[in-house]
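Asker: Right, I'll just put the structure down here and ask away after.
Taken together, the values in this text are just the output of simple stated rules run on the coordinates, not laboratory data. As the structure is a computational prediction, the values presented were derived from the model and not from experiment. Quick reminder, even Gly has a Cβ in these numbers, built from the backbone with ideal geometry, and neighbours come from all protein chains shown.
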Amino acid sequence: MKELVNMYRIVMDLRFNPLRFIPDVVLQTYLLLALFVMWCGFFGLLAIYYFGWFGYSIPLSIGIHLGILVPIVITNAVFLDAEKKK
């Protein structure tokens, strides 16, 4: 249970995640909200795909996989940039 709380804090808590290095609280909140919206869109697309509301196709499958990789890359880039610039 403690590990789950720590994982949550690393990602969602501005006191613990790399966005804490950004001195402006408004910018911290904006970036966290932008990441939240991006991830909600990804999980919504994933749910639609796995519920079968789209037919299977190779281009759609590529799009779904890019939908997994792009949010990960963007989140990592934002966190690394915040940590680097402090």
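Asker: Taking helices (runs of 4 or more DSSP H) that do not extend beyond the chain, which have at least 3 residues that are in contact with a helix residue (DSSP H, G or I) (Cβ under 6 Å, 6 or more places away or on another chain)? Walk me through it before giving the result.
Answerer: On the way: elements: 2-12, 25-50, 58-85.
Correct list: 25-50, 58-85.
Asker: Report, by residue number, each residue of the range 2-15 that is over 16 Å from the mean Cα position of the chain (by Cα) and not polar (S, T, N, Q).
Answerer: Matches in the range 2-15: Lys2, Glu3, Leu4, Val5, Arg15.
Asker: Being under 18 Å from the mean Cα position of the chain (by Cα), over 21 Å from Arg9 (Cβ atoms), small (Gly, Ala, Ser) and surrounded by 11 or more Cβ atoms within 10 Å (Cβ to Cβ), is that true of even one residue in the range 24-37?
Answerer: no
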